[in-house]
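Undergrad: Dropping a structure here in structure tokens format, bear with me for questions.
The values are calculated or read from the model by the stated rules, or taken from the named source; none is laboratory data. All values derive from a computational prediction rather than experimental measurement. Here the Cβ positions follow ideal geometry from the backbone for every residue, glycine too, while neighbour counts run over all protein chains shown. With ligands, DNA and RNA removed, areas are computed over all heavy atoms of the protein, side chains included. Shrake-Rupley method; radii C 1.70, N 1.55, O 1.52, S 1.80 Å.
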Amino acid sequence: MLTLFICPIVIVSTKIVSNPYLVILLYILSGLGMAGIGMGIMHDANHGSFSKYPFINKMMANSIYLAGASKGIWRIQHNVLHHSFTNIEGYDDDINPPSILRFTKNQRKLKIHQFQHLYAWFIYGLTTLSWATAKDYLHLNQFNKMGLIKTKKVFYSFLIKMTISKLFFIAFVIVMPFILSDLSFKLILIAFLIMQFITGLIITLVFQAAHVVPNTIFPDLNNKNGIETDRLTHQLLTTSNFAQKSNFLFWVFGGLTNQVEHHLFPQISHVHYKKLAPIVQKTAMEYDIPYHIQGSFFSVIKQHFLLLKKLGE
């Protein structure tokens, strides 16, 4: 995945390629590599499960900078909030989209939501572009107000590191190809935007397929009872597996086809999820707790958009 991300950009930068369509294709391949890094390397490493050696986890966790995102901010958003408050509005950022999207019945319904199943594709495609530009800064301010960033020193450390990482990312994928090749800036920018759109769409759909689907629940913290279950049961109620028969997608998505096992045991490497799954499913049945499994990746995406349509009606 690292090779798939780096090599196409290097090829574009060496004046070997001049055909515009080939340039765009190389950027798309690089985007697929970036998605693979995000799901299969960075994700595990930031959970401490990429390797049994902490220094390797720390080193590979830095691969998030290749996507122009902040490691520290991602850990708060994902490891702390998403894994602690899965599918809870106001805490889980994965279900806190722009107001033009409605993922749960707990969210206010607007007239435009009746069309969300048609335009959500476009919003999803902006995900990684948002990470590489403004979203980390917005999260930094948000998490600071929530008291999740303890000191000013940590705040400014996050700010400096994320700014440097974003400048490095832009320098690698846009500035370097423009300076070293004979390609126009317009072509490089178009190729970059297409790359970002496809990468953002893939990553977002993988996460939506596990949480924003008909069989998962969305607890409402405004309810006086709050979260009514223990942590492990909450993960089983709010998370779903999909594409269980596809070893290829299991590899490409970094084991995230088995999100149930990931949410129960985030510090276990994803390579073990398929062996864990039958044990988890049997135990869930024994205690009469739901164990959600969807069908193929395409069928679960269809279910996701049907849910968006229903929530917009």
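Undergrad: For the chain, with the dipole built from +1 on Lys and Arg beta-carbon atoms and -1 on Asp and Glu ones, taken about the Cα centre, which of F305, F185, I11 lies farthest toward the positive end?
TA: F185
Undergrad: Right, something else. Using the Cα centre as the reference, give the magnitude of the dipole from point charges on the C-beta atoms of the stretch 121-172 (Lys, Arg: +1; Asp, Glu: -1; all else neutral), rounded to the nearest 20 debye.
TA: 260 debye
Undergrad: Given a 1.4 angstrom probe, I'd like the percentage of the accessible area of the chain that is carbon and sulfur, rounded to a whole number.
TA: 67 percent
Undergrad: Here is a follow-up. What full-extension length gain, to one decimal in nm, is calculated for F122 and K282 as 0.36 nm per residue of separation minus the Cα-Cα distance?
TA: 53.7 nm
Undergrad: About the Cα centre of the chain, how large is the charge dipole given +1 on each Lys and Arg Cβ and -1 on each Asp and Glu Cβ? Please answer in debye to the nearest 20.
TA: With only Lys, Arg, Asp and Glu charged at Cβ, the dipole is about 480 debye.
Undergrad: Under unit Cβ charges (Lys, Arg +1; Asp, Glu -1), what dipole magnitude, rounded to 20 debye, does the stretch 199-313 have relative to its Cα centre?
TA: Dipole of the stretch 199-313, to the nearest 20 debye: 340 debye.
Undergrad: Could you compute the net charge surrounding D136? Neighbours are other residues with a C-beta less than 13 Å from the C-beta of D136; K and R count +1, D and E count -1.
TA: +4
Undergrad: Amide H of H292 versus every other amide H placed in the peptide plane: which residues, excluding those fewer than 5 positions away on the same chain, fall under 5 Å?
TA: Those lying under 5 Å, H to H, from H292 are N241.
Undergrad: Let me ask another. Can you give the net charge of the other residues whose Cβ lies under 10 Å from the Cβ of A61, counting K and R as +1 and D and E as -1?
TA: Within the 10 Å Cβ shell, the charges total +2.
Undergrad: Based on the alpha-carbon gyration tensor of the stretch 1-147 and its eigenvalue square roots a ≥ b ≥ c, which shape applies: rounded if a/c is under 1.5, prolate if not and a/b is larger than b/c, or oblate?
TA: The shape class here is oblate.
Undergrad: Additional query: What are the extents of the Cα atoms of the chain along their three principal axes, in Å, largest first?
TA: Cα extents, longest axis first: 63, 44, 41 Å.
Undergrad: For the chain, what does the accessible surface come to per residue with a 1.4 Å probe? Please give it in Å².
TA: Per-residue accessible area for the chain comes out at 50 Å².
Undergrad: Quick one: grab the alpha carbon gyration tensor of the stretch 51-100, order the square roots of its eigenvalues as a ≥ b ≥ c, and give me rounded if a/c is under 1.5, else prolate or oblate depending on whether a/b is larger than b/c.
TA: Since a/c reaches 1.5 but b/c is at least a/b, the shape of the stretch 51-100 is classed as oblate.
Undergrad: Still on this model: Have a look at H139, F103, G90 and report the one farthest towards the positive end of the charge dipole of the stretch 86-140, computed about the Cα centre with Cβ charges (Lys/Arg +1, Asp/Glu -1).
TA: Toward the positive end, the furthest listed residue is F103.
Undergrad: Relative contact order of the stretch 1-55: what whole-number percent is it, with Cα pairs under 8 angstrom and at least 6 residues apart?
TA: Rounded, it is 41 percent for the stretch 1-55.
Undergrad: Okay, next question. Show me the trypsin sites (Lys or Arg not before Pro) within the stretch 119-188 that DSSP assigns to loop and that have at most 14 other Cβ atoms within 10 Å of their Cβ.
TA: Within the stretch 119-188, the qualifying trypsin sites (Lys or Arg not before Pro) (loop, at most 14 other Cβ atoms within 10 Å) are K150.
Undergrad: Rank A243, S70, H47 by how far each Cα sits towards the positive end of the charge dipole of the chain (+1 on Lys, Arg Cβ; -1 on Asp, Glu Cβ) and give me just the farthest.
TA: Going by the Cα projections, it comes out as S70.
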